[in-house]
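The values are calculated or read from the model by the stated rules, or taken from the named source; none is laboratory data. Since this is a predicted model, take the numbers as computed values, not measurements. Cβ sites come from the backbone with ideal geometry, for glycine too, and all protein chains shown count toward neighbours. To get the accessible areas, we keep the full protein, side chains included, count just its heavy atoms, and leave off ligands, DNA and RNA. Shrake-Rupley method; radii C 1.70, N 1.55, O 1.52, S 1.80 Å.
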Amino acid sequence: MKMIDIEALVEKYDAGETTLEEEDQLAKYFSQEKVPAHLEVYAAQFRMFAQKKEESASEQEDIAHFLAKVEATKAVAAPVKQPFQVWVQWGMRIAAGISLVLLGFVAGKWYEQTNLADDAGISTVTTASTNELKLMKQVLMTSQDESSSASDRIQAVNQVQQLEQADKELVQLLINTMNFDPNINVRIAASEALFQFNDDPMVRLALVNSLKIQKDPAIQLTLIDMLIQLKETRAVDTMRKLLQSEEVLDVVKTKAEQGIGTLS
Amino acid sequence: MNIDEFTYKVLPARNKLFRLAKTMLQSKEEAEDTLQEVFLKLWTIRQGLHAYKSVEALAMKMTKNVCLNKLKSQKQNKMVDVMHLEVDSGYETPYKKVELQDSVSIMNAIFDELPQQQKLIMHLRNVEGYSFEEIEQITGLSINNIRVILSRARQQVKENYLKIQKYEDD
């Protein structure tokens, strides 16, 4: 190729106007060893391009193999689910949920029954655990020796009030508390607790008898009220005695009169 | 599109994609990572490949974009590229001097230092021999724009080369 052509081509090349064919020609020309010094800059360029063209990615594992592996992992990761399978899966889940609920019911029933059988003599505890009950009894029993505070005992009595039934031991404890507790408030609370269990003849009798012993007007009033409500005629005699007593307050006397009127 | 068809249609572009990535990222390892990423992307959209006029142009475009993303995140992470540090430190090791005496190596260094866009266009045109229309498809630039960038790149290369030569002659 003539020198003039190259010069012209190079100029066009710099302006970015050469066609691909012309650039091919240039590349061919500059691939020869000897070029004029002032064209060395182009020679260097085209040699670099030629070198770059030879570069190739290192032979990694076969790309097709690689893609097949990708597909395989994908297939394992997310198997295509049939609609039927989905339904079965959901069905199983729902069934498991329902059976858990049923199991809960059955277990509850069974637990209740065994509890009844175990504590045949003792009443069923529905709102307080056996442990709590023991604690309550302990507190009430210590009322005599001052080792528990009045508020502790009131709390214990209040807890008893929440029970629906009470065993004999507990009733006896309450009666003792009502009659002999040093604190008046505890005594009133105990009487109120006992009133809950007024089906028990022992409780009724205890209330009647307690009125004979009690000296405090507040508890006297409470007891009279209760006895009136229970329509306990056995208490009439005691009330008459109260009327005659000189130590009894007028308020209590009025109440007792009212009681006598209602009961007899 | 199954694996055989994919291998037949897309794989021949492999070396071109690799060269583009290497030119842009200047690291063989990163270029190969990019290559794998691009192939994976192509594989996931293989059902839609029929819609493209040229799968090769699409693959080149994807490679370019992946590379640009990588460069961007490199910048954000302020990754210190040891290779660049060496080039930028005015000090030249004897080894470097010997290397730079070779005109092609000088040209390589100049080429690597070009702005990303000029480098990209020059690579596509002179190394891969793409027509302006194909470059337009890959880069999304207009043909006129491509011409201007290309001519600027060529002049820049020439200027830098002559500067270095003059410095060496002095």
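Tabulated values for the structure
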{"item": "Any hit, region A:205-218, residues being over 30 Å from A:S148 (Cα atoms), in the same structural domain as A:Q155 (by TED's automatic domain parsing), open to solvent by 30 Å² or more (accessible area, probe 1.4 Å) and out of contact with any helix residue (DSSP H, G or I) (no Cβ under 6 Å at 6 or more places or on another chain)", "result": "no"}
{"item": "In region B:1-17, the residues that are within 10 Å of chain A (Cβ to nearest Cβ), assigned to a helix (DSSP H, G or I) and under 16 Å from B:A57 (Cβ atoms)", "result": "B:L11, B:R14, B:N15, B:K16, B:L17"}
{"item": "Residue count, region A:18-54 (criterion: open to solvent by 80 Å² or more (accessible area, probe 1.4 Å) and either in contact with a strand residue (DSSP E or B) (Cβ under 8 Å, 6 or more places away or on another chain) or within 7 Å of chain B (Cβ to nearest Cβ) (or both))", "result": "2"}
{"item": "The one condition in (1) at pLDDT 70 or above; (2) not in a loop (DSSP other than H, G, I, E, B) that A:A64 fails to fulfil", "result": "(1)"}
{"item": "Test: residue in region A:233-252 that is surrounded by fewer than 15 Cβ atoms within 10 Å (Cβ to Cβ), under 46 Å from the mean Cα position of the chain (by Cα) and either at positive phi or in a helix (DSSP H, G or I) (or both)", "result": "no"}
{"item": "Selected residue (only one of B:G140, B:G129 is small (G, A, S), at the interface with chain A (Cβ under 8 Å from one of its Cβ atoms) and surrounded by fewer than 16 Cβ atoms within 10 Å (Cβ to Cβ))", "result": "B:G129"}
{"item": "Checking A:N183 against (1) of a type outside the set (D, E, K, R); (2) within 20 Å of A:L230 (Cβ to Cβ); (3) at pLDDT 80 or above, the condition it does not meet", "result": "(2)"}
{"item": "Verdict on A:A78 being modelled with pLDDT of 80 or more and under 60 Å from the mean Cα position of the chain (by Cα)", "result": "no"}
{"item": "Residue that is farthest from the chain's Cα centre (by Cα), among those in region A:165-186 that are surrounded by 21 or more Cβ atoms within 10 Å (Cβ to Cβ) and within 23 Å of A:T233 (Cα to Cα)", "result": "A:M178"}
{"item": "Condition broken by B:W43, with the remaining ones in (1) touching a Phe, Trp or Tyr at 6+ places or on another chain (Cβ under 9 Å); (2) at pLDDT 85 or above satisfied", "result": "(2)"}
{"item": "Subset tally (residues that are at negative phi and assigned to a loop (DSSP other than H, G, I, E, B)) for region A:12-28", "result": "4"}
{"item": "Residue in region A:41-61 that is modelled with pLDDT under 70, out of contact with any Ser or Thr (no Cβ under 7 Å at 6 or more places or on another chain), acidic (D, E) and more than 27 Å from B:K9 (Cβ to Cβ) present", "result": "no"}
{"item": "Region B:30-60, residues that are open to solvent by 10 Å² or more (accessible area, probe 1.4 Å), more than 15 Å from A:V70 (Cβ to Cβ) and facing chain A (nearest Cβ under 10 Å)", "result": "B:E32"}
